[in-house]
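Notes to accompany the following structure.
The values are calculated or read from the model by the stated rules, or taken from the named source; none is laboratory data. Please read these numbers as outputs of a predicted model, since none were measured by experiment. Cβ sites come from the backbone with ideal geometry, for glycine too, and all protein chains shown count toward neighbours. Ligands, DNA and RNA are excluded from the accessible area calculation, which covers all protein heavy atoms including side chains. Shrake-Rupley method; radii C 1.70, N 1.55, O 1.52, S 1.80 Å.
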Amino acid sequence: MIIEENLYKKIIHTLPILCVDLLIKNEMNQYLLHHRNNEPLKGQWWVPGGRFHKLESINDAASRKCKEELGLEIKDWDYDGFYEDWYDKNSFDSNTKFHGVSIVLSAIKRLKNATIILDEQSTEWAFHDNLPERFLSNFKPKKT
């Protein structure tokens, strides 16, 4: 279910947004990142992901976001921890900080011949040896 824009503007002014962030690795242990078109983090390389829908499981949210943002079908995810951040900008350019809390999931996927189809939120994708510094500084991995 899509939240109506005016309601979502009110929500981000008052509540943190629950999201899922995806760490997708190829066979060479590199991370698939996309170059963002929208705030927060516009113009930066980042992990795919986004907000949950009501009554959606963690695994289902991850699979949906992966399909929407990358055109990839991944069903098996592992829990890695959580990510929390406060952004100066939000997707509406309104004068409020954006507080996001993400459940971080990972998958290893054979991507050598995969077709990646980006949605309008990204301009390009690439494999990177490391995650963005901002992500690493706010990521709380699960304890093993």
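Touching a Ser or Thr at 6+ places or on another chain (Cβ under 6 Å) and charged (D, E, K, R): which single residue out of D21, D76, D60 fits that description?
Answer to the check: D21.
Of the residues making up region 100-122, those that are out of contact with any Asp or Glu (no Cβ under 6 Å at 6 or more places or on another chain) and within 28 Å of H13 (Cα to Cα) number 5. Checked against (1) over 24 Å from K142 (Cβ atoms); (2) over 14 Å from the mean Cα position of the chain (by Cα), Q44 passes all but a single condition, namely (2). Number of residues in region 24-48 that are within 20 Å of I108 (Cβ to Cβ), part of a strand (DSSP E or B) and either of a type in the set (F, W, Y) or open to solvent by 10 Å² or more (accessible area, probe 1.4 Å) (or both): the value is 4.
Counted as qualifying within region 75-144 are the strands (runs of 3 or more DSSP E) with 3 or more residues that are open to solvent by less than 40 Å² (accessible area, probe 1.4 Å), namely 78-87, 98-108.
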